[in-house]
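Notes for the one structure printed next.
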Amino acid sequence: MENSQGSVIFTKRARLSRRLLINVVSISAFFTLLTTGFQLYIEYDRDRAAIFGSMQFIENSYVRPISSSAFLLQKKQVRLLLRGAHKLQDIVYLEVSEMKKSGNRVWITQGNPKARRDITRIFPLVYDDPTMGRFEFGTLLASASLEGVYKRLLNRSLIILGLNAVKTFLASLCILIFIQFRITRHLVNMAAYTKKLNLEQLNNRLVLSRKKTKVFEPDELDKVVCAINQMQSRIKADISRREEAERALRASEERFDLAMRFANDGIYDWNLETNEIYYSAGWKKILGYEDDEIRNEFSEWERLTRPEDVKDSWSMMNELLDGKRERFEKEFRMLHKEGHWVDILSRANIVCSDEGKPVRVVGTHVDISALKRAEEQLKEYSGRLEEMVEESTRELRETQKELLMKERLAVLGHLAGSISHEIRNPLAVIDSSVYLLKMKFGDGDEDEKTLRHFGSITSNVKKATAIIESLLNLTRMEKPRTETHNFSDLATEILASVKLPDTIETITDYPEDDVYINADAEQIRMALKNIIKNAVQAMDGSGTITVSVRSPETGTAELVISDSGPGISPENHEEIFQPLFTTKAQGIGFGLSITKMIVEKHGGMIQASSAVGGGAVFAIALPIAGKGAKNFG
C-alpha cells in the first residue's frame, strides 16, 4: 500500500525530515562558527605579529639612517625615510623629536596624529661621532593601529560564513530530500497502513513501492515491513485462539448455569463500589417467587430472613470484608412465598481488584431443607459443589491469565516492530558520530573527560540496542530448528563463548556417558547466556558459577546452573519468569522470559530456586533425543 501524500517533502507531517534538517543545520552552524573563530584568531595573531615585525623592521632599517640624517639636519631626507616607514603594514603615525633641556620638541611628523594608536614604540636617535663619541639627541615614535586588522577579519568572516552557509544549506537540502524519498515517505505509508488496519482486514499485507535492482538486498525498512506482516499473522492466529477460548468459556458458563438451575441453587452478586445487589432467578425460585416478584435490593433479603439470622449473617459478612474471615458460609432460614421456612446454606467469596481492594461479593444460596435429615450426605454434596465452583473459578482465572499474557506479548510485538527501526536509526547515527569524533580528535589532543564522555555515549547506545533486541527476541521467537547435540559439549561451548570477569570461577560437572538432545543451538545459547549474565550481576562480578549435566531416570536431560550470589527471594519465585519483571535497577525484565520461552518451545521445563546456604539455582529439563519432556525428579 502506497500513499501518494508520503512523497511531499515540506508538509506538516514531515516532522522527522524537518527535525533532521534543523539538527544538521544547527550542528553545521556550530562547527562553522567554531572553525571560523579559530581561523580568525589565527589571522588576528598573524596580523599582530606582522605589526610587530614592521616595528622591528623600522628599528633595524630606518632608525640608523634617520639618526644620521636628523643629526645633519637633512630634513628632506628624514621625511623621505618617514614616508617609506609609513607605508609598512598598519603603521599610522611617525614622529621625530629633538631632545631639549626643557623637554622633547617635535621636529618632523608623518601620518595622522589623531589616528587610533593601539601599538606604539619609541626608538632613541643616537649619533656616533669619531671625535665627540656616541650620544643620544632625539627619539623616533612609531604607532600602529589594529583598525585595518579588524576590517580584514570582518571581511574574511563574512566571506567564510557566507560560503559555509550556502554549502550547509545545499548539503542539508540534499540530505533532507534523500531521507524523505528513501525513508520518511515509507514510514508515513507504514503509519497510514497500521492506522487503517482492523480485525476485518488482517489478510491485507503491507507492501512498499520500491524499485528493486538485480543486487537488491533487504534493508531495515524491508525488515520492519516483514515484522509488521508477521505481527499481523500472529495477531490473526491469536484472535482465532482467543475466539476458541471465548467459545469454550461461554460453553462452560452455560454448563454452570444449567447445573445451578437444575440444582435449584441461587446466585447473588453484591457490587461493593455501587452497593447494588443482584439475585438470580434460581435464588428467587428457592423461595417460590418469579424473577419479577422480588426486587434486587438488600431490604428484600432482610424482609424474608429471620431477624436473628440477619444479625448473625451481617456480623459474619463484616468479618469477611475486614479480612478476619477467608469466606462467608452461613446457614439461616428464609420465608417461603407459601408461608413456611426454607433452610438456606449461603456461601460467598470476595473478588478483589488488581490492587487487592475488595470490589465484589459473589455467593450462592442452596435449599438444604430436604437434606437436613441427612446432614452427612449434605456435607458431602456441599463439598463436591464447592470443589466444582472453585475448579470453574480456577479454570476461568487460568484462561484469563493466559489471554492477558498473549495480549501483553502481542502489544509488545506491535510496539517492538513499530519503534525498533525508529530507535535503531538514531542510535546508529549517534554511534557513528561518536566514532567520527574519535577519529577527528584521534591526534591525542583530547582530554580524559572527553574520552569518558565518548565511552559513556557508546556504552548507553549499546545498552539501548540490547533492550530493542530483547523486545524483538521476546515477540518474534521462531520455532526451533533442532539438531542432535551432545548436551555436555554444547554446555561447554556456550560457557566458553561467554566473556566472564577474571574474578568469576566456573566449575563443571558432566556425566561419564554422553547425553544427547534435539535442540536449536543458537536459541539454547541465548537462553543459557541470559542465566549466566544474571548470575554474574547477582554476584556483583565475583563468585562461583557451577554448570552440571545429568540424565536421571525420568527420560530427560537436565542442565543445572547455580551461583554463589544472594539467591532468589521466595516472593519472586512465581514472578521471575514474567515479562517486564526485574529486581535490578537497570534491568527491563526480558532475559528470563526469553529463556523460559526457548525452553518451552523445545518441549522442556525450567525451574528456579535458592540453594542451601545462598545462591540461585536454575534447572532446565529437555527431552533426551527421541523422547518427550517429563517433570523434574
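Can you tell me which residue is modelled with the highest pLDDT among those in the range 573-597 that are open to solvent by 30 Å² or more (accessible area, probe 1.4 Å) and over 18 Å from the mean Cα position of the chain (by Cα)?
K596
Can you tell me which condition V411 does not meet? The list is (1) open to solvent by less than 70 Å² (accessible area, probe 1.4 Å); (2) closer than 22 Å to F577 by Cα; (3) at pLDDT below 70, and all the others hold.
(1)
List pairs: first in the range 191-203 and more than 13 Å from V225 (Cα to Cα) and among the hydrophobic types (A, V, I, L, M, F, W, C), second at pLDDT 80 or above and surrounded by 10 or more Cβ atoms within 10 Å (Cβ to Cβ), Cβ under 7 Å, 6+ apart or cross-chain?
Pairs found: L199/I239; L202/Q232; L202/I235; L202/K236.
How many residues, within the range 477-521, are without any contact (Cβ under 8 Å) to a residue 40 or more places away in the chain, under 24 Å from I576 (Cα atoms) and either open to solvent by 30 Å² or more (accessible area, probe 1.4 Å) or charged (D, E, K, R) (or both)?
Matching residues across the range 477-521 total 2.
For the subset of the range 100-130 comprising residues that are of a type in the set (F, W, Y) and farther than 14 Å from S54 by Cβ, which member is farthest from the chain's Cα centre (by Cα)?
Checking each candidate, the answer is Y127.
Which count do you get for residues in the range 90-122 that are surrounded by fewer than 19 Cβ atoms within 10 Å (Cβ to Cβ) and in contact (Cβ under 8 Å) with a residue 40 or more places away in the chain?
The total comes to 4.
Report the residue count in the range 303-323 for those that are more than 26 Å from K357 (Cα to Cα) and part of a helix (DSSP H, G or I). Break it down into steps so the answer makes sense when it comes.
Taking the range 303-323 as the starting set, the residues that turn out to be more than 26 Å from K357 (Cα to Cα) are 303-309.
Checking which are part of a helix (DSSP H, G or I) leaves us with 303-304, 307-309.
Adding up the residues that qualify gives 5.
Of the conditions (1) at pLDDT below 65; (2) under 23 Å from K167 (Cα atoms); (3) surrounded by 16 or more Cβ atoms within 10 Å (Cβ to Cβ), G6 fails just one. Which one is it?
The number of the failed condition is (2).
Okay, residues lined up against (1) within 15 Å of S609 (Cα to Cα); (2) acidic (D, E):
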| position | (1), (2) |
| --- | --- |
| L528 | no, no |
| K533 | no, no |
| D540 | no, yes |
| R550 | no, no |
| A557 | no, no |
| D563 | yes, yes |
| E575 | yes, yes |
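Does N275 meet the test of being exposed (fewer than 14 other Cβ atoms within 10 Å of the Cβ) and not basic (K, R)? Outline the logic, then answer.
Details: exposed (fewer than 14 other Cβ atoms within 10 Å of the Cβ): yes; not basic (K, R): yes.
So N275 passes the test.
Determine if the range 517-527 includes at least one residue that is within 26 Å of A616 (Cα to Cα), part of a loop (DSSP other than H, G, I, E, B) and modelled with pLDDT of 85 or more.
Yes, some residue in the range 517-527 is within 26 Å of A616 (Cα to Cα), part of a loop (DSSP other than H, G, I, E, B) and modelled with pLDDT of 85 or more.
Identify, by number, the condition in (1) of a type outside the set (A, V, I, L, M, F, W, C); (2) under 30 Å from M55 (Cα atoms); (3) at pLDDT below 85 that S97 doesn't meet.
Failing condition for S97: (3).
Can you spot a residue in the range 346-359 that is under 53 Å from the mean Cα position of the chain (by Cα), part of a helix (DSSP H, G or I), modelled with pLDDT of 75 or more and surrounded by 15 or more Cβ atoms within 10 Å (Cβ to Cβ)? Break it down into steps so the answer makes sense when it comes.
First pass over the range 346-359, keeping only residues under 53 Å from the mean Cα position of the chain (by Cα): 346-359.
Still in the list and also part of a helix (DSSP H, G or I): none.
Taking every residue of the range 346-359 in turn, none turns out to be under 53 Å from the mean Cα position of the chain (by Cα), part of a helix (DSSP H, G or I), modelled with pLDDT of 75 or more and surrounded by 15 or more Cβ atoms within 10 Å (Cβ to Cβ).
Only one of these conditions is not met by D269: (1) in a helix (DSSP H, G or I); (2) at pLDDT 90 or above; (3) of a type outside the set (A, V, I, L, M, F, W, C). Which number is it?
(1)
Checking N155 against (1) of a type outside the set (K, R); (2) open to solvent by 70 Å² or more (accessible area, probe 1.4 Å); (3) more than 60 Å from the chain's Cα centre (by Cα), which test does it fail?
Result: N155 passes all but (3).
The values are calculated or read from the model by the stated rules, or taken from the named source; none is laboratory data. Owing to the predicted nature of the structure, the values given are computational and were not obtained by experimental measurement. Quick reminder, even Gly has a Cβ in these numbers, built from the backbone with ideal geometry, and neighbours come from all protein chains shown. Surface areas here come from the heavy atoms of the whole protein model, side chains and all, with no ligands, DNA or RNA. Shrake-Rupley method; radii C 1.70, N 1.55, O 1.52, S 1.80 Å.
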